[in-house]
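Nothing in this text is a laboratory measurement; each read-out follows from the coordinates by a stated rule. The structure presented is a predicted model; accordingly, all values stated were derived computationally and were not measured.
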Amino acid sequence: MDQLKLFKDIMLAEFYRLNEIKKEQFKKDIMIGLNDIRNKLQNLLKDNTRVTEIEKLDRNEFVIDVQKQEHFIEEGESVCNEIREQADKTTLRLELLRERVIDSTWEKMDV
């Protein structure tokens, strides 16, 4: 029974190791593809600066997935709003604490 468990553990470890190798290779392939796309875009943008004003494209015209871009913009605005709300709450908390400290110390002092 112990040998069966040991064999099972060894096979499971080997499976995970092979899976990890495949994932790493997949990541490398994706990164290579992304680097190729980035280089092509940079070349297109560089070429775009060299053309006449009539031929020149606006930077937004290079965006392929407009919906994804809008999603990223909305997500960024959402994160900014959350940070602003947290900052406002922190500011209010500190102001309340300041007022309490002043009331409990400064206002009670005799001149």
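A few points about this structure:
- The stretch between Glu74 and Leu57, if pulled fully straight at 0.36 nm per residue, gains 3.7 nm over its current Cα-Cα span.
- Chain lengthening between Arg38 and Asp65 when straightened (0.36 nm per residue, less Cα-Cα): 8.3 nm
- This structure gives semi-axes √(5λ) of the Cα gyration tensor in Å, computed directly, and of (i) 51, 41, 11; (ii) 22, 18, 12; (iii) 30, 17, 15 that value is listed as (i).
- Residue separation of Leu92 and Leu12 scaled by 0.36 nm, minus their Cα-Cα distance, works out to 23.4 nm of gained length.
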